């Protein structure tokens with residue numbers, strides 16, 4: 001893949017490390033992830049810089065940028081209704097962010113939540129993805145996923161994420177990320 005990209009003068013973006021069996025031993029999974037990362041770095045396949053550059057260049061999935069914080073509708077959504085993904089540029093952990101950057105993250109998150117509310121979605125999961133403990137290589141940027149949820153059965157509180165991923169054994173989405181990003185941008189401009 002690296003040779004193909006070089007001969008065509010394009011960048012390759014690896015935004016997922018692939019799929020592995022959950023039954024594989026944890027040390028085997030960690031070795032596999034490390035080997036994939038090392039190989040990608042050796043061949044100039046960068047993440048997250050290249051991912052953010054690719055999303056900016058395409059533009060249609062970008063939702064919001066403020067300072068070091070960028071939000072977009074990811075190409076591979078986790079939830080059925082679409083979700084938002086963020087990167088905090090050049091910061092590996094929340095602790096590495098300044099007070100102003102944390103405030104900006106909170107403000108962008110509040111704007112996204114308000115946009116989702118205008119789209120009729122009020123329940124969410126927020127997950128932060130910091131760098132590994134003690135790791136300060138500079139290759140990882142703090143990431144976040146903001147995932148709207150709806151409940152298929154209010155008494156059981158079974159969310160869309162758990163239900164279809166467990167039932168079907170694969171991710172399932174009902175909305176294209178580009179359409180989701182456009183709806184979020186429109187809902188945010190309504191303020």
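Read-outs: derived from the displayed coordinates by stated rules, not from any lab. As the structure is a computational prediction, the values presented were derived from the model and not from experiment. Note that we place each Cβ from the backbone using ideal geometry, even for glycine, and neighbour counts take in every protein chain shown.
As a rough footprinting exposure proxy, the listed residues 97, 76 were ranked by other beta carbons within 10 Å of their own, and the order from fewest upward is 76, 97.
Which shape class applies to segment 51-108: rounded if a/c is under 1.5, otherwise prolate when a/b exceeds b/c and oblate if not, where a ≥ b ≥ c are the square roots of the Cα gyration tensor eigenvalues?
Values: a/c = 2.08, a/b = 1.65, b/c = 1.26.
Prolate shape, in that a/c is at least 1.5 and a/b is the bigger ratio.
Per-residue Cβ neighbour counts within 10 Å put 131, 83, 35 in the sequence 35, 131, 83, beginning with the fewest.
Of 78, 69, 102, how do they rank once you tally other Cβ atoms within 10 Å and put the fewest first?
Working: 78 18, 69 23, 102 15.
Listing 78, 69, 102 from fewest to most nearby Cβ atoms yields 102, 78, 69.
For segment 49-109, calculate the relative contact order in percent as a whole number, restricting contacts to Cα pairs under 8 Å that are 6 or more residues apart.
On the way: 58 pairs, mean separation 16.1, N = 61.
Relative contact order comes out at 26 percent.
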